[in-house]
1. Out of everything in region 62-97 that is surrounded by 18 or more Cβ atoms within 10 Å (Cβ to Cβ) and touching a strand residue (DSSP E or B) at 6+ places or on another chain (Cβ under 6 Å), what residue ends up being nearest to Ser122 (Cα to Cα)?
2. I want to confirm something. Restricting to region 98-125 and keeping residues that are more than 26 Å from Gly84 (Cβ to Cβ) and in contact with a Lys or Arg (Cβ under 9 Å, 6 or more places away or on another chain), which single residue is surrounded by the fewest Cβ atoms within 10 Å (Cβ to Cβ)?
3. Which residue pairs have Cβ atoms under 9 Å apart, sit 6 or more places apart or on different chains, and have a first residue in region 90-108 that is free of Cβ contacts under 8 Å to residues at least 12 places away in the same chain and a second that is among the aliphatic types (A, V, I, L, M)?
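Read the figures in this text as sums done on the coordinates, not as results from a lab. Note that this is a predicted model, so its numbers are computed, not measured. Glycine gets a Cβ as well: all are built from the backbone with ideal geometry, and neighbour counts include every protein chain shown.
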Amino acid sequence: MLLDLYVRHIRFSHLPVQIQDKGSNLEAFTAATLDPSLCWKVIHAVGGKIPVLFDGGIRRGTDVFKALALGAQAVMVGRPIIFGLAAKGEHGVRRVIEMLKDELELTMALSGCPTVKDITRSHVSTEHDRLNCRL
């Protein structure tokens, strides 16, 4: 159902697709809210025709890496920015962005990706990948 809405958007619009993966507060403490299967399905359906922006579940630089590896062109960071603003104002926002950047750079280095363009789908696996494994 949700994938059909994205496909219709692609067919009738040239605006970027925004994948929203909003988890409940409980999910934020028990598991990552980034749903790789939804992200990958939408990006596959888009086929590179329009940009895909991932919104929701971005808490760490590793989440940014995963979204980029799945094919998103950008991520939208809301909640961590608000937390930084509430805690330390402008300095808190700058610190949150700096932490996300540092974590992304560390993840890229550990994955052997010198640039963002080197992040590929082969750097992550999804539930769909595990189901297709023939070992």
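1. Among those that are surrounded by 18 or more Cβ atoms within 10 Å (Cβ to Cβ) and touching a strand residue (DSSP E or B) at 6+ places or on another chain (Cβ under 6 Å), it is Ala67.
2. His123
3. Between residues of region 90-108 that are free of Cβ contacts under 8 Å to residues at least 12 places away in the same chain and residues that are among the aliphatic types (A, V, I, L, M), the close pairs are Gly92/Ile81; Gly92/Leu85; Gly92/Ala86; Arg95/Ala87.
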